[in-house]
1. Compute from the Cα atoms of the range 88-160 the Rg and the Dmax, the latter being the longest Cα-Cα distance, and quote both in angstrom.
2. Treating the beta-carbon of each Lys and Arg as +1 and of each Asp and Glu as -1, no other charges, what is the dipole magnitude of the range 40-134 about its Cα centre, to the nearest 20 debye?
3. Sorting check: for 69-81, 52-64, 101-113, which peptide has the highest mean count of neighbouring beta carbons within 10 Å, and how do the rest follow?
4. Which of the aspartates and glutamates could a cross-linker bridge to residue 29, judged by Cα under 16 Å and excluding same-chain residues fewer than eight apart?
5. Given a Förster radius of 22 Å and the C-beta distance between residue 43 and residue 64 as r, what FRET efficiency does 1/(1 + (r/R0)^6) yield to the nearest 0.05?
6. Near residue 114, within a Cβ-to-Cβ distance under 11 Å, what is the net charge of the other residues, with Lys and Arg +1 and Asp and Glu -1?
7. Taking every alpha carbon pair in the range 25-112, what does the distance histogram look like in 10 angstrom bins from 0, in percent?
8. Please list, in chain and number order, the residues 5+ apart from residue 138 or on another chain whose amide H is under 5 Å from its amide H, with Hs placed from the backbone.
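Bear in mind that the values in this text are calculations on the coordinates, not laboratory data. Computed from a prediction, not measured in an experiment: that's the story for all the values here. Quick reminder, even Gly has a Cβ in these numbers, built from the backbone with ideal geometry, and neighbours come from all protein chains shown.
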Amino acid sequence: MYQTKLFLGFAVILGLGAASAQKPKPVKKQLPIQLNAQQKLEYTTDALGNRILDFSYCGYRAGEAAIPNVPIQIRVPVTKGDATARIQAAIDYVSKLPLTTEGFRGAILLEKGLYEVRGTLKIKASGVVLRGSGIHATTLRGTGVSRDDLVTITGKTISGSRKPYR
């Protein structure tokens, strides 16, 4: 029994000695986000290619223009139960309106309250705005069992332009 303890102790000492002899080279740690020479945020990737997503260009016109006040063409009042068909009917109605010179068809106003959506709302035409009645005033709640998107927006880019439809 004494020999076993001595052997284990000897193995531990050897293991520590071997580990300390092969110290890894210090790796310069890069921050995931840092300012570059032009004082712009730079997002670096890790060894696996992962990086923090850059959301600074999200929003209307990449956040570089104020959101326009598009005229309301239809209002959708709150009622209990599934509102998918009522909201989709309003989207379809506005989608058929002609584009204005500013490139909009019109806005659909969802009044204050909670809208249950069991399906997917689909905006397929450019110039359609789906608007709530203020911060924390209008809520869309997905109540279906599907894992599909609650709202999908599809379309093509304008011919000869790099700008997508609005």
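1. So, for the range 88-160, Rg and Dmax equal 13.6, 41 Å respectively.
2. Charge dipole, the range 40-134, about its Cα centre: 400 debye, nearest 20.
3. Descending packing order for the listed peptides: 101-113, 69-81, 52-64.
4. 42, 46
5. 0.70
6. +1
7. 13, 25, 21, 15, 20, 5, 2
8. Close amide H contacts, sequence-distant or interchain: 113, 133.
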